[in-house]
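K.L.:
Structure provided below as structure tokens; questions to follow.
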Amino acid sequence: MEKGTELPPLSLRVTRADLVRYAGASGDFNPIHWSDRVAGSVGLPGVIAHGMLTMALAGRLVTQWAGDPALVRSYGVRFTRPVVVPDDDDGALVEFSGKVTDVTDVTDVTDVADAEDGARVARVAITAVFDGKTVLGRATAEVVLPG
């Protein structure tokens, strides 16, 4: 694995049914995630996906590439724009891509649980685009690459 390696892109649709399932799993029943009336009353263009759901979907890009979620040692994002989810069967298309921006040697394997001697860590920049605009900022992950 080298700097500049691109992760296989991932395109996912988010529907209102997904929002209902996520609300049930997370306990986040804020009406901006299910009521067009409430979303509009607070200045949103419509019902929006939960930010943490969008973050989780972006994380899927990295875990599929890594092959094992346990190899992801850090992951973080900033929420920059909402994903507006229409009330139809198609939902909102969110496109994810990623690129390895750095690869470093792990000098202390105690810092990385179960890492093999000679392991390296890849830093991955993640891009999430909805409706032609980036919806996550500073989205990065660190992934342990076995030696």
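K.L.:
Please return the longest stretch of the chain lacking exposed loop sites, where GluC sites (Glu not before Pro) count only if DSSP places them in a loop and at most 16 other Cβ atoms lie within 10 Å.
P.N.:
Here the longest segment lacking exposed loop sites spans 3-115.
K.L.:
Positive end of the dipole of the chain, charges at C-beta (+1 Lys, Arg; -1 Asp, Glu), about the Cα centre: which of Thr15, Ala70, Gly59 has its Cα farthest in that direction?
P.N.:
The one lying farthest along the dipole's positive direction is Thr15.
K.L.:
Using a cut-off of 13 Å between beta-carbons, work out the net charge of the residues near Leu44 (Lys and Arg +1, Asp and Glu -1, Leu44 not included).
P.N.:
+1
K.L.:
Once you've got the GNM for the chain with C-alpha springs shorter than 10 Å, pick whichever of Gly51, Gly59, Gly40 has the biggest mean-square fluctuation.
P.N.:
The residue that fluctuates most here is Gly40.
K.L.:
Sticking with this structure for a sec: Cut-off is 10 Å between beta-carbons; in what order do Lys133, Lys99 appear when sorted fewest neighbours first?
P.N.:
Lys133, Lys99
K.L.:
Compute the long axis of helix 51-66 from its Cα atoms, compare it with the longest principal axis of the Cα atoms of the chain, and write down the angle in degrees, 0 to 90, nearest 10.
P.N.:
Here the helix axis deviates by roughly 30 degrees.
K.L.:
Say R0 is 30 Å: what FRET efficiency, to the nearest 0.05, do Asp105 and Ser11 get from their beta-carbon distance?
P.N.:
0.35
K.L.:
Under a point spin-label approximation (7 Å from Cα along Cα-to-Cβ), what is the Ala70-Val38 distance to one decimal in nm?
P.N.:
Taking the two extended label points, one gets 4.0 nm.
K.L.:
May I pose another question? Per 0.36 nm of contour for each residue apart, how much would the distance between Asp131 and Glu2 grow if the chain were fully extended, relative to their Cα-Cα spacing?
P.N.:
43.4 nm
K.L.:
Enter the angle in degrees (range 0 to 90, nearest 10) between the Cα long axis of helix 16-26 and the first principal axis of the Cα atoms of the chain, meaning the one along which they spread out most.
P.N.:
60 degrees
K.L.:
Calculate for the chain the 222 nm mean residue ellipticity that helices alone would give, adding -39,500 (n - 2.57) per DSSP H run of length 4 or more and normalising by residue count, nearest 500 deg cm²/dmol.
P.N.:
It lands at -7000 deg cm²/dmol.
K.L.:
Be a star and scan the stretch 63-80 for residues whose amide nitrogen sits under 13 Å from the point 7 Å along the Cα-to-Cβ vector of Asp28.
P.N.:
From the stretch 63-80, the list is 77-80.
Any read-out appearing in this document is the output of simple, stated calculations on the displayed coordinates, not a laboratory observation. Keep in mind that this is a model prediction, so the values were computed, not measured. Reconstructed Cβ throughout: ideal geometry from the backbone, glycine too, with neighbour counts over all protein chains shown.
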